[in-house]
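These notes concern the structure reproduced below.
Every read-out reported here was derived from the displayed coordinates using simple, explicitly stated rules and does not represent laboratory data. Nothing here was measured: the structure is a model prediction, and the numbers come from that model. A quick note on method: Cβ atoms are made from the backbone with ideal geometry, for glycine too, and the neighbour counts reach across all protein chains shown.
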Amino acid sequence: MTGQWLGGLAAAAMVWAGGAAAQSTITTGPAVAAAAIAAPPQAKVDTSLGTFTITLDRVNAPKSVANFIAYAKEGHFDGTTIYRIAPGFVIQMGSVEATGVSRPTHAAIPLESANGLKNVRGSVSMARQSDPQSATAEFFVNLANNSDLDPAPGAAPNTTGYAVFGRVSDGMDVVDKIAAAPLGGAQGPFPPSATPMSPVLIKKVTVIDSPGPNPPPFAR
């Protein structure tokens, strides 16, 4: 099975391809002004432990958002699991079924980590392998402020770090409930210490993309 991984916490483990996010004013400009006309797209993630909503940042992470929406509309995530739980770090999901089998994915997308968005608590990012340009369908929710996952200072743009493309705008309590699930499972790409004892199922991911007032800006 091809794995996609997110490095984190002093590279102790890699993430498979670790309250609401802090918010501050984003830079103004034509793209931001255009985005303010309509609400950004959202994704409702319905799991066996509850529902949480991701607000997607199409302005700052256009390729990652388009990729995520395409997978969601194909039904790729429906019936898969949240297969990695690292308390105090991340929960991860994307392509792994309850049997541990990984669904096939499309071609990898470019890394968008140089978009100014940070891996703070509640932010949602693309998982990948060690190759910066290897992200496909795996993604994770940050359970804490994980600055180790942001681009390395001084590195060339989009060569290090993990691309933030959204934030949990509703249901962070559900995310925390998932993060507290008992561990010790045997199905999936991670060891039992990071695998839920009983599968946490993603029943359906529904994309909502309609005009409306713009919510608060993304973390920077």
Practice task
Would you mind stating whether SER64 is within 18 Å of VAL168 (Cβ to Cβ) and either outside any helix (DSSP H, G or I) or not charged (D, E, K, R) (or both)?
Solution key: yes
Completion exercise
Only one of GLY100, GLY88 is closer than 19 Å to SER48 by Cβ and more than 15 Å from the chain's Cα centre (by Cα), namely GLY100
Completion exercise
LEU117: passes all of (1) over 16 Å from LEU56 (Cβ atoms); (2) crowded, with 24+ Cβ neighbours inside 10 Å but (1)
Handout entry: segment 169-210 - residue that is farther than 16 Å from VAL90 by Cβ and of a type in the set (Asp, Glu) and, of those, surrounded by the fewest Cβ atoms within 10 Å (Cβ to Cβ)
Key = ASP173
